[in-house]
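Q: Right, I'll just put the structure down here and ask away after.
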Amino acid sequence: MSSHQSPFTHPNDSSYGSLQTPDDSEQAVVSEEDQEPGPENADTDSTFGGSLLGCDTDTLASYITDYKYENGRQYHSYRDGEYWGPNDEHANELQDLAHHMYLMTLEGRLHHAPIVNPHNILDVGTGTGIWAIEMADAYPSAYVVGTDLSPTQPLFVPPNCAFEIEDCNMEWTYPKNHFDLIHIRELFGCVVDWDDFFQQAFTHTKPGGYVEILEHAVTPVSDDDTVDANHFFTKWGETVIGLGEKFGKSFTIWEESKARMEQAGFVDVVEKRYKWPMNGWPSPQHRTHGDDGGKSWKRLRELGVWNQLRLYDGVEGFMIRLLTTVGGWSYEAAQLFLAEMRINLKDFNTHAYLGVTVVYGRKPGLSRTASTETSSTETGSTKTDSSGFTVHPMPKSNFPGSYRGMT
């Protein structure tokens with residue numbers, strides 16, 4: 001169990017600010033004038049809420065949930081301004097939709113890194129916590145910690161799952177050589193220094209443990225020249241990348257992860273590439289040309305349908321703060337830009353997609369992996385390698401097969 005404790009206590013916690021009141025038969029009748037000031041009276045003074053510790057926690061909890069509002073959207077208050085995206089209900093729904101798309105991309109798997117019997121797992125930038133919760137269910141013997149700037153995760157989670165308020169750009173306070181897996185997903189535009197980030201991840205990963213990062217591009221491209229230098233999608237990508245540079249946090253990590261992880265010291269670094277169409281344009285006549293995970297046009301079309309919905313409903317949340325706060329655009333100009341994006345998302349004659357990468361690497365040291373290359377013998381639903389070590393199959397999401405998309 002992680003020694004790093006969350007500073008956030010939810011105000012609905014039954015232990016929060018509670019007072020123990022003696023039975024009436026044991027209470028002495030004392031007037032207010034006869035009471036002497038002292039710790040015992042201070043503890044029951046309503047000014048302190050029953051406990052100085054409870055009061056401090058209450059203040060911190062109130063601060064963390066005292067959300068900021070810009071252009072009608074809700075944003076985190078802790079480390080205000082460090083993240084470009086809102087944390088309101090609509091944004092959270094779109095994060096869960098993205099989780100669905102990543103499951104479809106990975107064929108229902110929660111990760112590609114070949115971990116075995118993990119004990120400690122960290123999910124950096126956990127968002128709604130959906131991945132961390134499913135990992136806790138998939139690995140009941142592991143302790144899964146999810147970190148984020150906002151406490152938007154559910155209250156009822158598996159007993160081996162916890163969430164903490166944390167800024168990944170600050171110094172990590174977890175034990176060194178601790179995590180069997182550190183998972184990162186969609187932190188583009190969130191990290192100040194990716195080399196420092198991966199170095200911290202390396203330091204806190206157990207020898208033989210893995211770091212896995214999933215990111216996608218922000219510039220739509222095509223394989224058939226339907227997106228050229230003059231297309232709006234090109235302008236969109238240039239705008240996002242330019243705003244990221246001005247913000248001081250890159251949006252191009254999707255194509256840099258492998259090299260940066262190797263530079264940090266990880267070995268056996270593997271990169272897998274996929275493609276997310278911008279809408280449902282894939283068909284037997286029109287499909288992507290390689291680097292798409294070998295997916296059928298039907299699966300690519302379904303990914304495109306979900307991606308279109310995610311972007312059409314989400315472009316305001318993705319961009320409004322960057323455009324108005326970082327770029328200095330007026331609200332009206334920003335909305336016109338977003339409207340143009342929505343128009344282009346409906347164009348099925350443009351065969352555009354976003355590149356997606358899944359990169360994982362191992363910290364040097366003793367390691368047993370669950371790869372199919374391991375010499376093993378079957379023992380029911382599990383395998384045993386040549387040294388007698390139990391190898392479990394790669395976990396998949398608990399969602400039904402139909403949820404994972406077409407084959």
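Q: Anything in region 156-182 that is assigned to a loop (DSSP other than H, G, I, E, B) and over 20 Å from VAL192 (Cα atoms)? List them, or say none. Don't jump to the end; show me each part of the working.
A: Applying the first criterion (assigned to a loop (DSSP other than H, G, I, E, B)) to region 156-182 yields 156-160, 166-178.
Passing the criteria: PHE156, VAL157, PRO158, PRO159, ASN160, PRO175, LYS176, ASN177, HIS178.
Q: Just to verify a result, which residue in region 290-329, among those that are buried (at least 17 other Cβ atoms within 10 Å of the Cβ) and of a type in the set (D, E, K, R), is farthest from GLY355 (Cα to Cα)?
A: ARG321
Q: Now a separate question. Output the residues belonging to region 161-177 that are in contact with a strand residue (DSSP E or B) (Cβ under 8 Å, 6 or more places away or on another chain) and either surrounded by fewer than 20 Cβ atoms within 10 Å (Cβ to Cβ) or modelled with pLDDT under 95 (or both). Even if it seems obvious, please write down each step before you answer.
A: Here is the first cut: in region 161-177, the residues in contact with a strand residue (DSSP E or B) (Cβ under 8 Å, 6 or more places away or on another chain) are 161-166, 168, 174, 177.
Residues satisfying the conditions are ALA162, PHE163, GLU164, ILE165, GLU166, CYS168, TYR174, ASN177.
Q: I would also like to ask the following. Is one or more of the residues making up region 279-289 within 23 Å of ASP96 (Cα to Cα), under 20 Å from the mean Cα position of the chain (by Cα) and either buried (at least 19 other Cβ atoms within 10 Å of the Cβ) or not small (Gly, Ala, Ser) (or both)? Outline the logic, then answer.
A: Initial filter on region 279-289 (within 23 Å of ASP96 (Cα to Cα)): 279-280.
Next cut, under 20 Å from the mean Cα position of the chain (by Cα) only: none.
Among the residues of region 279-289, not one is within 23 Å of ASP96 (Cα to Cα), under 20 Å from the mean Cα position of the chain (by Cα) and either buried (at least 19 other Cβ atoms within 10 Å of the Cβ) or not small (Gly, Ala, Ser) (or both), which makes the answer no.
Q: Within region 88-103, does at least one residue satisfy the condition of being surrounded by 17 or more Cβ atoms within 10 Å (Cβ to Cβ), modelled with pLDDT of 95 or more and not in a helix (DSSP H, G or I)?
A: no
Q: Residues of region 199-249 being within 19 Å of the chain's Cα centre (by Cα), among the charged types (D, E, K, R) and at pLDDT 95 or above, which ones?
A: Across region 199-249, the qualifying residues are GLU212, GLU215.
Q: In addition: With (1) over 23 Å from ASN230 (Cα atoms); (2) modelled with pLDDT of 50 or more; (3) polar (S, T, N, Q) as the list, and ASN344 as the residue in question, which single condition is left unmet?
A: Every condition holds for ASN344 apart from (1).
Q: Still on this structure: Hey, could you check region 96-133 for residues that are free of Cβ contacts under 8 Å to residues at least 60 places away in the same chain and touching an Asp or Glu at 6+ places or on another chain (Cβ under 7 Å) and say which is farthest from PRO277 (Cα to Cα)? Please lay out each step first, then the result.
A: Restricting attention to region 96-133, the residues satisfying the condition of being free of Cβ contacts under 8 Å to residues at least 60 places away in the same chain are 96, 99, 126-133.
Pick out the ones that are also touching an Asp or Glu at 6+ places or on another chain (Cβ under 7 Å) and you get 126-128, 130-132.
Numbers: THR126: 25, GLY127: 24, THR128: 25, ILE130: 24, TRP131: 23, ALA132: 27 Å.
Within region 96-133, the match that is farthest from PRO277 (Cα to Cα) is ALA132.
Yes or no, residue by residue, for (1) part of a helix (DSSP H, G or I); (2) charged (D, E, K, R); (3) in contact with a Ser or Thr (Cβ under 7 Å, 6 or more places away or on another chain):
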| site | (1), (2), (3) |
| --- | --- |
| TYR210 | no, no, no |
| VAL227 | no, no, yes |
| GLY244 | yes, no, yes |
| ARG260 | yes, yes, no |
| TYR274 | no, no, yes |
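Q: Restricting attention to region 344-358, does a residue exist that is over 21 Å from the mean Cα position of the chain (by Cα), part of a helix (DSSP H, G or I) and of a type outside the set (Lys, Arg)? Show your work before the answer.
A: Taking region 344-358 as the starting set, the residues that turn out to be over 21 Å from the mean Cα position of the chain (by Cα) are 344-353.
Subset that is part of a helix (DSSP H, G or I): 344-345.
Pick out the ones that are also of a type outside the set (Lys, Arg) and you get 344-345.
Taking every residue of region 344-358 in turn, at least one turns out to be over 21 Å from the mean Cα position of the chain (by Cα), part of a helix (DSSP H, G or I) and of a type outside the set (Lys, Arg).
Q: Yes or no: region 194-213 includes at least one residue that is touching a Gly at 6+ places or on another chain (Cβ under 7 Å) and either free of Cβ contacts under 8 Å to residues at least 24 places away in the same chain or surrounded by fewer than 17 Cβ atoms within 10 Å (Cβ to Cβ) (or both).
A: Yes, that holds for at least one residue.
Q: Got a sec? Which of LYS298, LYS275 is touching a Gly at 6+ places or on another chain (Cβ under 7 Å) and not aromatic (Phe, Trp, Tyr)? It would help to see each step written out before you state the result.
A: Values: LYS298 fails: touching a Gly at 6+ places or on another chain (Cβ under 7 Å).
Just one listed residue meets the conditions, LYS275.
Q: Search region 229-250 for residues being touching a strand residue (DSSP E or B) at 6+ places or on another chain (Cβ under 9 Å) and crowded, with 17+ Cβ neighbours inside 10 Å, and hand back the single one that is farthest from TYR210 (Cα to Cα).
A: Of all residues in region 229-250, those touching a strand residue (DSSP E or B) at 6+ places or on another chain (Cβ under 9 Å) come to 231, 233-234, 237.
Cutting the leftovers down to crowded, with 17+ Cβ neighbours inside 10 Å gives us 231, 233, 237.
Numbers: HIS231: 39, PHE233: 35, GLY237: 31 Å.
Step by step, filter region 229-250, then rank; the result is HIS231.
Q: Look through region 183-202, keep the residues that are of a type in the set (A, V, I, L, M) and in a loop (DSSP other than H, G, I, E, B), and return whichever of them is nearest to PRO140 (Cα to Cα). It would help to see each step written out before you state the result.
A: Within region 183-202, the subset of a type in the set (A, V, I, L, M) is 184, 187, 191-192, 201.
Okay, now just the ones that are also in a loop (DSSP other than H, G, I, E, B), so 187, 191-192.
Numbers: LEU187: 26, VAL191: 31, VAL192: 34 Å.
Applying the filter and picking the extreme gives LEU187.
The values are calculated or read from the model by the stated rules, or taken from the named source; none is laboratory data. These figures come from a predicted structure and were not determined experimentally. With ideal geometry, Cβ positions are generated from the backbone for all residues, glycine too; neighbour counts draw on all protein chains shown.
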